[in-house]
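Shown next, in C-alpha cells, is the structure this report addresses.
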Amino acid sequence: MKIRSYRDLLVWQKAMELVVECYKFVSYLPKHETYGLISQTQRAAVSVPANIAEGHGRDHLGDYLRHISIANGSLMELETHILLIERLGYRPTHETEPLLARCSEVGKMLAGLSKSLKGTH
C-alpha cells in the first residue's frame, strides 16, 4: 500500500488506538488527579500520534526523524505515568500490563519507522 498520508501509517493508527485506551484508563482515577496524572497521561498519549503526523508533514527527513524521536520520548513518558498510576494503587497490574504491552508495540513500530527512514538516505 502506498503511504499517501500519515493516516496510512500503521504506527499512527496504533498510536491513536493507544490514546483512546489511555483516556479510558485514566477516567477511573481520583478527581484530585485531574490536573496531575490524568492530564499528564493524556497529554503524553496525544503527543505520540501528533508528532508522527507532524513529522510526516515536514519537508526534510531530519525533521521527520526528530519528530519520531519526540514521539518515542512521549511514549516513554506515557509508560512512566502508567507505572506510577499502578504504584500509587490507582489501577491494578492486570489493567496496566495490556496498556504497557500496547506502548511496547508502538515503540517497536516507531523504531522500525525510524530505521526505515534512515535507510532511504
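Only the coordinates and a few stated rules stand behind these numbers; no lab work does. As the structure is a computational prediction, the values presented were derived from the model and not from experiment. A quick note on method: Cβ atoms are made from the backbone with ideal geometry, for glycine too, and the neighbour counts reach across all protein chains shown.
Computing FRET efficiency as 1/(1 + (r/R0)^6) for LEU117 and ARG43, where r is the C-beta to C-beta distance and R0 is 22 Å, gives about 0.30.
Just how many % of Cα pairs in the chain lie over 19 Å apart, if you round to the nearest whole percent? Of all Cα-Cα distances in the chain, 45 percent exceed 19 Å.
Spin-label model, GLN13/ALA101: points 7 Å from Cα along the beta carbon direction are separated by 2.0 nm.
The slack in the chain from ARG91 to LYS24, taken as 0.36 nm per residue of separation less the alpha-carbon distance, amounts to 22.9 nm. Under a Cβ-Cβ cut-off of 15 Å, what is the net charge of the residues other than TYR28 that fall near it, where Lys and Arg count +1 and Asp and Glu count -1? Net charge in that neighbourhood comes out at -1.
What ranking do MET109, MET76 get, fewest neighbouring Cβ atoms within 10 angstrom at the top? Could you put the intermediate results ahead of the total?
Values: MET109 18, MET76 11.
Ranking MET109, MET76 by Cβ neighbours within 10 Å, fewest first, gives MET76, MET109.
If we count every other residue with Cβ under 14 angstrom of VAL48's Cβ, Lys/Arg +1 and Asp/Glu -1, where does the sum land? That works out to -2. Our estimate of slack between THR80 and THR34, defined as 0.36 nm per intervening residue step minus the Cα-Cα distance, is 14.8 nm. Taking Lys and Arg as +1 and Asp and Glu as -1, the other residues whose beta-carbon sits under 12 Å from that of VAL19 total +2.
Nearest 500 deg cm²/dmol is fine: what mean residue ellipticity at 222 nm does the chain get from its DSSP H runs of n ≥ 4 alone, each adding -39,500 (n - 2.57), divided by its residue count?
Working: 4 runs with 89 residues, N = 121.
-25500 deg cm²/dmol, from helical runs alone.
Once both axes come from the Cα atoms, what is the angle between helix 39-56 and the longest principal axis of the chain, in degrees from 0 to 90, rounded to 10? For helix 39-56, the angle is close to 10 degrees. Between helix 10-26 and the chain there is an angle of about 10 degrees, using the helix long axis and the longest principal axis of the Cα atoms.
Of ASP59, ASP8, how do they rank once you tally other Cβ atoms within 10 Å and put the fewest first? List each step's numbers first, then the result.
Working: ASP59 7, ASP8 12.
Ascending Cβ contact count within 10 Å gives the list ASP59, ASP8.
Considering Cα pairs under 8 angstrom that are at least six residues apart, work out the relative contact order of the range 6-119 and quote it in whole percent.
On the way: 101 pairs, mean separation 32.6, N = 114.
Across the range 6-119, relative contact order equals 29 percent.
Farthest towards the positive end of the charge dipole of the chain, among the residues THR41, GLY57, TYR90, is the Cα of GLY57, using unit charges on the Cβ of Lys, Arg, Asp and Glu.
So how tilted is helix 61-87 from the main axis of the chain? Cα-based, degrees 0 to 90, rounded to 10. It is inclined by approximately 10 degrees.
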